[in-house]
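Before any comments, here is the structure.
The values are calculated or read from the model by the stated rules, or taken from the named source; none is laboratory data. This is a predicted model, so every value here is computed, not measured. Note that each Cβ is placed from the backbone with ideal geometry, even for glycine, and that neighbours are counted across all protein chains shown. When the accessible area is computed, the model is the full protein with side chains, heavy atoms only, and any ligands, DNA or RNA have been set aside. Shrake-Rupley method; radii C 1.70, N 1.55, O 1.52, S 1.80 Å.
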Amino acid sequence: MAPDGVPEPYTARDFAVLPPLADPAERAITADQTHRSVIVGERLVVKWFTPPAPPPHRALAVLEQLALAGFTGTARPYRAVFAPDGALVALVTAYLPEARDGWEWCVDAAVAGEPVGRLLGTLTADLHRALATATPAHPAPVVEGELVRLPGALAALDEALARTGDPWLRSRAHRLRADLLDPPDPLRTPLMRIHGDLHAGQILRWREGHAVIDFDGNPVLAGPGGGRPAADLLPAARDVAQLLTSLEHVGQVARERRGHDATGWVAAARADFLAAYGAPEFFDERLVRAFSIEQECRELIYAARFLPRWRYAPLGVLRSWYDH
């Protein structure tokens, strides 16, 4: 047996000592997610990877970097469990009491007119600064490199068109393609390890504040042929673009589920986010528009592959951008 009951041939890597559990009862987290998570004893969250994630394990590398850089805006990691072949089976983190993900609390904020842009912009800036901090695990976290993104971005548009078969989308395809081509490849830009799938659902509001979770990367972002540079380094602008588009998705959810027009709230939230995020030296704002278009294409792919009912949100956002 491995320490604390991890059965052979599985192995564990501990980040911190597991807290004692008075009651090890489990309850499922029912929010939409690619993998499966349960709350154990009201103190821990166990995320089961379905299927187990093969190495390299970007989430563990990111968590280590954040811990070394002193970033506290995430759930504390306790343990990673691995299969005999090195695949990541489970990740154990602290449970954040009264936590609600952004598809709940942020939609409530949109309906209530509560400003959230500055909060999210500051949290994202703090996250990126921690990831850009030199640590023993990552002594050169930011590099000036050549970004080649267009093959993956254009492939995402083609796949979105094929999977949706939407006449309106096809009628705007030439305009989307033009936006994806600006700026053209290759581009010299700062590259770093980023969150990789930063949207409203990854921001928890809990009893003591807000926390960023889930550093596994985008489930529909391809490998080397899909626009990801070597060594898992990407522009910070990809995170910024995805968070900004997710604010647009919050507006779409508010309209679809609550009958509320959040157009003004979305515009204010985006502006406040960018003001609070600022212009750190590793941020290339030239890429935000193209990454935003690419992200909406990937949202359509995600909807087709995993969650068909989600299709209304990215289509609604694209209509709001291209029908004027």
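Apply the a/c threshold of 1.5 to the C-alpha gyration tensor of the chain and tell me whether it is rounded, prolate or oblate.
Here the chain falls in the prolate category.
For segment 270-275, in order, what is each residue's ³J(HN,Hα) by Karplus, 6.51 cos²θ - 1.76 cosθ + 1.60 with θ = phi - 60°, in whole Hz (x at glycine and Pro)?
4, 5, 5, 4, 5, 5
Evaluate the Debye formula for segment 25-89 with equal point scatterers sitting on the alpha carbons, no solvent, and hand back log10 of I(q)/I(0) at q = 0.14 Å⁻¹, in q order, two decimals.
-0.49
Probe 1.4 Å, all protein chains in place: accessible area of H210 in Å², nearest 10?
50 Å²
Please report, largest first and rounded to whole Å, the three semi-axes of the ellipsoid equivalent to segment 11-50, where each semi-axis is the square root of five times an eigenvalue of the C-alpha gyration tensor.
Sorted largest first and rounded, they come to 19, 15, 7 Å.
If you take all C-alpha pairs in segment 1-120, what percent of them are over 22 Å apart?
For segment 1-120, the share of Cα pairs beyond 22 Å comes to 44 percent.
For segment 236-323, just run the numbers: alpha carbon Rg, then divide by 2.2 N^0.38 Å, N being how many residues it has.
So segment 236-323 has a normalised radius of gyration of 1.11.
More than 19 angstrom separation, counting every C-alpha pair in segment 112-183; what % is that?
64 percent
Would you mind telling me the share, in percent, of accessible area of the chain contributed by carbon and sulfur at probe 1.4 angstrom?
55 percent
Could you order F291, F306 by accessible surface area, starting with the largest, using a probe radius of 1.4 Å?
F306, F291
Does segment 176-324 come out rounded, prolate or oblate by the C-alpha gyration tensor, with a ≥ b ≥ c the root eigenvalues, rounded set by a/c under 1.5 and, if not, prolate when a/b is larger than b/c and oblate if not?
Rounded is the answer for segment 176-324, as its axis ratio a/c remains below 1.5.
By the gyration tensor of its Cα atoms, with a ≥ b ≥ c the square roots of the eigenvalues, what is the shape of segment 75-149: rounded for a/c under 1.5, prolate for a/b over b/c, or oblate?
oblate
Report, in deg cm²/dmol and to the nearest 500, the calculated mean residue ellipticity at 222 nm for the chain, where each DSSP H run with n ≥ 4 adds -39500 (n - 2.57) and the sum is divided by the residue count.
It comes out at -13000 deg cm²/dmol, rounded to the nearest 500.
Taking the Cβ of R205 as the center, what net charge do the other residues with Cβ under 12 Å away carry, scoring Lys and Arg +1 and Asp and Glu -1?
-4
Rounded to the nearest 10 Å², what accessible area does D179 have for a 1.4 Å probe in the complete protein model?
40 Å²
Work out the P(r) tail for segment 60-192: percent of alpha carbon pairs separated by more than 25 Å, whole number.
The calculated P(r) of segment 60-192 puts 58 percent of pairs beyond 25 Å.
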